[in-house]
1. Given the stretch 76-146, report the % of alpha carbon pairs whose separation exceeds 19 Å.
2. Suppose we keep just the DSSP beta bridges with both residues in the stretch 1-125; what percent of those would be antiparallel, to 5?
3. Could you give the dipole magnitude of the stretch 12-73 about its Cα centre, charging the beta-carbon of Lys and Arg +1 and that of Asp and Glu -1, in debye to the nearest 20?
4. At what distance in angstrom do the alpha carbon centres of the stretch 235-276 and the stretch 116-153 lie from each other?
5. Project the alpha carbons of the chain onto their principal axes and report the range along each, largest first, in whole Å.
6. Compare the Cα positions of HIS268, ILE41, LEU8 along the charge dipole of the chain (+1 at Cβ of Lys, Arg; -1 at Cβ of Asp, Glu; about the Cα centre) and return the one farthest towards the positive end.
7. Distances longer than 20 Å among the Cα atoms of the stretch 147-292: what percent of all pairs is that?
8. Dividing the Cα convex hull volume of the stretch 1-132 by residue count, how many Å³ per residue is that?
Amino acid sequence: MSKQLGKLTRLDLREYWGEEAKELTPWLAQPDNLDLLEETINIDLELVATESSVGPFRADILAREAGTDDKVIIENQLERTNHDHLGKLITYASGHNAKAVVWVAREITEEHRRALEWLNNVTGESVGFFGLEIELWRIGDSAPAPKFNLVCQPNEWLKGISGGSVEPTETKLTQLEFWKAFIEYARGTGTLLSLRKPRHQQWYTLAVGRAGFHISLTIHSGLDRVGCELYINHEQSKVAFAELLEQRAEIDSEVRAKLDWQELPHRHACRIAQFHPLNLDSRDEWAEAFQWLLERAEAFHKVFSPRVRALNLSLASGGELVT
């Protein structure tokens, strides 16, 4: 007997999302859905706020690149792109001093694709503009599945929005090789962690379900070690750290390690970390490091994710709730 195959059916976006502000924006702001977006544009995103005020206007989504203060504006439409939204994108980018702007729509028209390409050319490395088309597909009676198609992106986006050379150094290339090999190892174990595309940098981030918090796997070449940490860069970083510190004994016990609790009093961010020896140039040590990093990442995610989500943090400045 021949095997039966399902039939792909493309859905009207408005069959699933009736309104942009009330349905599409909240859906896209959810961590799992931001993950889909960031896989397309190759930026690790953290949600800062939805409906973020810029004068009398409100940007659909304000995010930032994980581990940095670089702002990312995300504007979405259920219809074809229009001049009104193009103007708003530029207004939001200037109002938040954004490093990247992402325009998501059912269709990016040819004139607006050319406009984004022109903006990328004239702004150079200072800000990047992305154009994405969103689709919904179903197989038989399955749940709808979203798909992002990259229509336009900045030239030479290899440099990343937090700066860096277009021609990466030998160290950066080795870091990228390390993270690629780590992801291949992790996927081979069947881990449930959501793995993102790596970049040539000394850290690799994993979401924990709340803006301003992420698990960061790190390479410290000068100290010959790798690390796993909960990195806190929230509006209320010190408050969050203090609340978690009250649970220190329980947390250390659950992760089966005496963690390094770093409040970093002279900085806005805080971290809770653990380290393991590694000479990055000695590839014979990589396999052991991969095993340690994955085990620690899974343990940190299991222990910290529910606690981070449960933190009772006040409204951020400007009255926007950071979630």
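1. Numbers: 963 of 2485 pairs.
Percent of Cα pairs beyond 19 Å in the stretch 76-146: 39.
2. On the way: 12 of 18 bridges.
Close to 65 percent.
3. Details: 5 positive and 16 negative charges, 64 e Å.
Rounded to the nearest 20 debye, it is 300 debye.
4. Using only Cα atoms, the two centres lie 37 Å from each other.
5. Projected onto the principal axes, the Cα atoms of the chain cover 63, 54, 42 Å.
6. Comparing the listed Cα positions along the dipole, LEU8 ranks first.
7. Numbers: 6032 of 10585 pairs.
That tail contains 57 percent of the Cα-Cα pairs.
8. It is 144 Å³ per residue.
The values are calculated or read from the model by the stated rules, or taken from the named source; none is laboratory data. What you see is a predicted model, and the numbers here were worked out from it, not measured in a lab. When we count neighbours, we look across all protein chains shown, and the Cβ atoms used for this are built from the backbone with ideal geometry, even at glycine. Note: accessible area is taken over every heavy atom of the protein model, side chains too, but ligands, DNA and RNA are not part of it. Shrake-Rupley method; radii C 1.70, N 1.55, O 1.52, S 1.80 Å.
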